[in-house]
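Participant: Okay, handing you the structure first.
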């Protein structure tokens, strides 16, 4: 199996504590900001190598003029893709196979639902971190640590029926057969390690960040 090539895409909205970001950025082969994701990245001490979008919501548009032209990709405000979709596409075109999306918390509900919908697509994030939650695309076999008493929910992603084996969850998913529209809300880890093995299909998992427990 080929090694994944990791990338980070900052988008506008609330992001996680900086401690969650530093290691991801260090490992990333490419760091990109979509529009006001530039502001979020800078607030965390990260300077993306590329900023893209219609630039209608960044705090200091004039600052873009001080960047080398090759670091700025401008798109029209009226377009068929959101800035986040463009960022995912460009990262894929440049060979990145595993994208972590940072930001997007709070704000407009349609933006939130639009990002969640990305997990149904062929070009999708592997992970998404907001200020309170982490969203993961679960494919194949995944082992997750730090799950003891940690809340998590599961949703089928894509068009294929989901069947799976799990260990370490309060309510195992082993006998379920999920189609799009089904959901498993507010499960918990009973052990520190939880394993999920997809027998068919894939899942979107939402778990609270450790700092958000009890919030």
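Participant: Which members of the stretch 5-37 meet the condition of being over 15 Å from the mean Cα position of the chain (by Cα) and within 18 Å of residue 112 (Cα to Cα)?
Facilitator: Correct list: 35, 36.
Participant: Another question, then. When residue 158 is evaluated against the numbered criteria (1) outside the structural domain of residue 93 (by TED's automatic domain parsing); (2) crowded, with 16+ Cβ neighbours inside 10 Å; (3) at pLDDT 95 or above, which criterion, by number, is the only one it fails?
Facilitator: Looking at each condition in turn, residue 158 falls short on (3).
Participant: How many residues does the stretch 23-62 contain that are closer than 18 Å to residue 85 by Cα, out of contact with any strand residue (DSSP E or B) (no Cβ under 7 Å at 6 or more places or on another chain), free of Cβ contacts under 8 Å to residues at least 24 places away in the same chain and buried (at least 17 other Cβ atoms within 10 Å of the Cβ)?
Facilitator: Of the residues in the stretch 23-62, 1 are closer than 18 Å to residue 85 by Cα, out of contact with any strand residue (DSSP E or B) (no Cβ under 7 Å at 6 or more places or on another chain), free of Cβ contacts under 8 Å to residues at least 24 places away in the same chain and buried (at least 17 other Cβ atoms within 10 Å of the Cβ).
Okay, residues lined up against (1) part of a strand (DSSP E or B); (2) modelled with pLDDT under 95:
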| site | (1), (2) |
| --- | --- |
| 81 | no, yes |
| 91 | no, no |
| 101 | yes, no |
| 107 | no, yes |
| 113 | no, yes |
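Participant: Count, please, the residues in the stretch 16-33 that happen to be at pLDDT 95 or above and more than 27 Å from residue 140 (Cβ to Cβ).
Facilitator: 1
Participant: I'd like to know if the stretch 126-133 contains one or more residues that are within 14 Å of the chain's Cα centre (by Cα), surrounded by fewer than 20 Cβ atoms within 10 Å (Cβ to Cβ) and outside any loop (DSSP other than H, G, I, E, B).
Facilitator: Yes: the stretch 126-133 contains one or more residues that are within 14 Å of the chain's Cα centre (by Cα), surrounded by fewer than 20 Cβ atoms within 10 Å (Cβ to Cβ) and outside any loop (DSSP other than H, G, I, E, B).
Participant: Look through 65, 95 and report the one residue that is closer than 18 Å to residue 48 by Cα and in a loop (DSSP other than H, G, I, E, B).
Facilitator: Residue meeting the stated conditions: 95.
Participant: Looking at the stretch 135-205, what strands (runs of 3 or more DSSP E) fall wholly within it and have at least 2 residues that are in contact with a strand residue (DSSP E or B) (Cβ under 7 Å, 6 or more places away or on another chain) and farther than 21 Å from residue 114 by Cα?
Facilitator: 141-144, 163-167, 184-188, 194-200
Participant: Continuing with this model, one more query. When the stretch 1-21 is examined, which residues are found to be assigned to a helix (DSSP H, G or I) and either outside the structural domain of residue 84 (by TED's automatic domain parsing) or without any contact (Cβ under 8 Å) to a residue 40 or more places away in the chain (or both)?
Facilitator: Hit for the stretch 1-21 is 19, nothing else.
Participant: Residues 65, 106, 114: which one is surrounded by fewer than 18 Cβ atoms within 10 Å (Cβ to Cβ) and touching a strand residue (DSSP E or B) at 6+ places or on another chain (Cβ under 6 Å)?
Facilitator: 106
The values are calculated or read from the model by the stated rules, or taken from the named source; none is laboratory data. Predicted, not measured: the structure shown is a model, and the values here were computed from it. Don't worry about glycine lacking a Cβ; one is built from the backbone with ideal geometry, like all the others, and counts go over all protein chains shown.
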